[in-house]
Amino acid sequence: MEINITGTDSMVNMFNELVSRQRHLRIPLQRTGDYLQKSFRREYKTKGGGKWAPLAPSTVKQKARMGYPPGRPLIATGRMYRATKMIRIGSDYVDTGVENIEYYKYHHWRTRYMPARKVVKIWRRTISKIRAIWETWLLRRISK
């Protein structure tokens, strides 16, 4: 993430002081991670914002035979959905994505037999929301 500030030297110095006290970054990092988890999980429900290819007829039949929900790509047992989460927060980072699901990469990148269905996708609205989280945090810190 990159944040650019223009303004007086005192404003830049205040921002640098806030960032240097990394313990305070936990709040916006937590909020960012929470938002990303919700955003990524929304991809399952909206089928990639309506951009995922429909399931092949053979896959629909196979899921029906196995007792899985027929019309929802990437949802069978729910294991991958549950693994889409905020994994950890460090002093200056948040790690969010699909944890410990080896087969996820095939869904994300595609195979010869399967189209890509990306869950970890950053939309423009995602960037705008994350920017708002950080701006709100920063403005509250400055106004104290």
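The values are calculated or read from the model by the stated rules, or taken from the named source; none is laboratory data. Keep in mind that this is a model prediction, so the values were computed, not measured. Backbone-built Cβ (ideal geometry, glycine too); neighbour counts: all protein chains shown.
Restricting to the stretch 1-52, and then to whatever is modelled with pLDDT under 65, in a helix (DSSP H, G or I) and charged (D, E, K, R), can you tell me which residue is farthest from the chain's Cα centre (by Cα)?
ASP9
Residue by residue through the stretch 25-52, note down the ones that are more than 22 Å from ARG82 (Cα to Cα), of a type outside the set (D, E, K, R) and surrounded by fewer than 17 Cβ atoms within 10 Å (Cβ to Cβ).
ILE27
Looking at the stretch 53-78, which of its residues are surrounded by 14 or more Cβ atoms within 10 Å (Cβ to Cβ), within 19 Å of LYS118 (Cβ to Cβ) and not β-branched (Val, Ile, Thr)?
LEU55, ARG72, PRO73, LEU74, ALA76
Name the pairs: first residue in the stretch 116-144 and closer than 30 Å to GLY50 by Cα and touching a residue at least 24 places away in the same chain (Cβ under 8 Å), second residue among the β-branched types (Val, Ile, Thr) and loosely packed, with under 14 Cβ neighbours inside 10 Å, Cβ to Cβ under 9 Å, at least 6 apart or on different chains?
Note: pairs meeting the criteria are ILE130/ILE122; TRP134/ILE3.
Just checking, how many residues over the stretch 87-115 are assigned to a strand (DSSP E or B) and over 21 Å from GLY49 (Cα atoms)?
5
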